[in-house]
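See structure below.
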Amino acid sequence: MRTRALCTGLLVMLALLLGAPTASAHTELDSSSPKDGAHLKQAPRRVTLVFSEPVDLADVHVTSGGKQLAVARADRGGRGAVTVRPPAADQGRLVLDWHVLDMEDGHPTSGALSFRIGAGDAGASAAHADAGAGAGMAVPSETVRGVWAVSRWVGYLALALFVGGLGFLAMLWPQGSEDRRSRRILAGSWVCGLLATVVGAGLQGAYGAMGSLGDVVHLSTYTDLLGSEVGIVLTCRAMLWVLAAVVLAALLQSGERAARSPGWRVGAGVVCLGLLRTTGMAGHNAEGTHPGWGAVADLVHLLGVSLWLGGLTFLLLGVLPRRRPAELSAAVTGYSTLAGLSVAAIAVAGAVLAWQVVGSFGALFSTGYGQLLLVKLALLAGVLAIAQRSRSWVHTRLDIAVLLRGDRATVRPFVYSVAAETGLVLVVLAATSVLVTAAPGR
């Protein structure tokens, strides 16, 4: 079932990409007045920049020769148009370096406008412009981006273990809420999830402001980010992790009784859905032609991954080491069905997200983002090949393992298969973290 789900998802993705328009992934400069490269008799009194999406004035920075220029809203062009007053220049070349943050996900985009003023040698002016642009334009730190990607990986892993673990205990293994290893996994994932949210906010703020790792510990980095849509989403996510502590505390205190309680299940479900939703609200799914489709697909995708990976982890570290026949029979059989449904959801939702973000079939091969997505799909195919071995064991050997009361030699092949599947899913999560911090279409 898992293999068929992946094949179906790939076919759907290809069909969507072949018929999809090109998506604009981040805020870009659509046009300017005067146009870039224009030859002017004198320096313009005002330059208008029109961006592809609405922008916040606080997120737009324009400099000339390293000097910050005042930015104002343009009379025409909507919320995506701004104006600046450039410095006077009688001869030579006027260069304006611009830098803007995307309102949806906080990713920075930058560029330069160059105007030839009065008479003069065009070639020399162009060389001067290139030198000025290189000196005045800030560049995002790749070090900050790399650490940010690691924090996103930790955040995704913590989310999957927490949400998937709670789901596994509530639906398939309530008695596992008394297991010491399961409790440690849930507590550790909660701590890592909260820390990854807080540290990730500082890293995202530093990256968007084109700062360094040292800026992560500055209060101004957080206050500047909190004034944006991304900052509001991250604040809501941190608050949900705090509420998740109440859900976790109730489970640790009451154990199996809480896991079987309808009230606890409803509360845990609401908190988990909130964590899943806020994780996707500041990502690429909010952009493109149909952001509503991306939001729904992202929620389904994250839920499927969480139930899959969280279930795998609790199966590997919780159920299998105990080798109790009744638990093996119920949990392994139930998880096989749950994993099949999760993979089907991941495949279909992933196809929608690929169409939403990549925008065209050609972008899969011509952009770095598309190539990373292909690597992720190849890794996922490898995971499902291993998962098929696990499914085969469930069909042919599970009954024997139960009859032999969890005999170690009988269960060992299944343990190895589940361990390999879990390891590859962690690699897929790493690829996802790189994708989230990368700019689509580049």
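Dividing the alpha-carbon radius of gyration of the stretch 153-308 by 2.2 N^0.38 Å (N being the number of residues), what value is obtained?
1.11
Sequence-distant or interchain residues sharing an amide H contact under 5 Å with ARG93, placed H: which?
ILE117
Listing MET239, MET171 from the residue with the fewest other Cβ atoms within 10 Å to the one with the most, what is the order?
With the sparsest Cβ surroundings first, the list reads MET239, MET171.
Each residue of the stretch 231-243 in order: what ³J(HN,Hα) in whole Hz does its phi give by Karplus 6.51 cos²θ - 1.76 cosθ + 1.60, θ = phi - 60°, with x for Gly and Pro?
x, 5, 5, 5, 5, 4, 5, 4, 5, 5, 5, 5, 5
Around CYS236, under 13 Å between beta carbons, what's the net of Lys plus Arg minus Asp minus Glu among the other residues?
+1
Determine ³J(HN,Hα), in whole Hz, for all residues of the stretch 149-155 in sequence, where each value follows from phi through the Karplus function 6.51 cos²θ - 1.76 cosθ + 1.60 and θ = phi - 60°; x replaces Gly and Pro.
Result, rounded to whole Hz: 4, 5, 5, 5, 4, 4, x.
Order of GLU327, GLU421, GLU28 from fewest to most other C-beta atoms within 10 Å?
Arranged by neighbour count, lowest to highest, GLU327, GLU421, GLU28 become GLU28, GLU327, GLU421.
Measure off 7 Å from each Cα along the Cα-to-Cβ vector at GLN42 and THR235, then give the distance between these two points in nanometres to one decimal.
Distance between label points: 4.7 nm.
Mind listing the phi-derived Karplus ³J(HN,Hα) values for the stretch 202-218, rounded to whole Hz, using 6.51, -1.76 and 1.60 with θ = phi - 60°, and x for any glycine or proline?
x, 5, 5, x, 5, 5, x, 8, 6, x, 10, 4, x, 6, 5, 8, 8
With 10 angstrom as the radius, rank ASP59, ASP298, ASP102, ASP30 by how many other C-beta atoms surround their C-beta, starting from the fewest.
ASP30, ASP59, ASP298, ASP102
No value in this document is a laboratory result; all are computed from the given coordinates. What you see is a predicted model, and the numbers here were worked out from it, not measured in a lab. Ideal geometry is used to build each Cβ from the backbone, glycine not excepted, and the neighbour counts take in all protein chains shown.
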